[in-house]
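S.K.: Handing you this structure, nothing more for now.
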Amino acid sequence: MTGTDRDELAILWAEHRCLTYPDDLKFADGLEECLLLDPCIAGAVMIALRGSPLDTWRVRALQEGITFLRRSLRRIPKGEGRSYAVRLIRMSSLTLNEHYRVVRE
């Protein structure tokens with residue numbers, strides 16, 4: 001991850017930590033998995049910001065989470081919930097990039 005990517009991940013993470021889980025995701029049918037992805041992504045982000053590689057389970061969870069969230073975006077109303085989901089996708093992508101960078105070193 002470049003310095004810019006690491007900075008972006010740190011900023012997104014700082015913003016994310018101050019948010020509450022949006023109601024429009026809590027009560028949306030078929031989006032229950034978002035609630036489970038949130039702590040999974042949080043743990044992976046913290047590991048990546050420490051500069052450590054992820055375990056296989058977390059890599060797979062992030063990859064599958066990105067796919068699920070991207071497919072779910074059209075069902076999430078515009079607003080707080082959608083912004084929250086887009087942030088989760090971006091943090092997951094940046095976290096995976098950091099993982100692969102660390103593993104290559």
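S.K.: Name the helices (runs of 4 or more DSSP H) wholly within the chain that hold at least 1 residues that are free of Cβ contacts under 8 Å to residues at least 40 places away in the same chain, surrounded by fewer than 16 Cβ atoms within 10 Å (Cβ to Cβ) and among the basic types (Lys, Arg)?
M.R.: Passing ranges, in order: 3-17, 23-26, 56-72, 80-104.
S.K.: If you check 86, 59, which single one turns out to be of a type outside the set (Lys, Arg) and out of contact with any His (no Cβ under 8 Å at 6 or more places or on another chain)?
M.R.: Criteria check complete, one pass: 86.
Quick note: the coordinates plus some simple rules give every number you see, no bench work behind them. Please read all numbers here as calculations on a predicted model, not as lab measurements. When we count neighbours, we look across all protein chains shown, and the Cβ atoms used for this are built from the backbone with ideal geometry, even at glycine.
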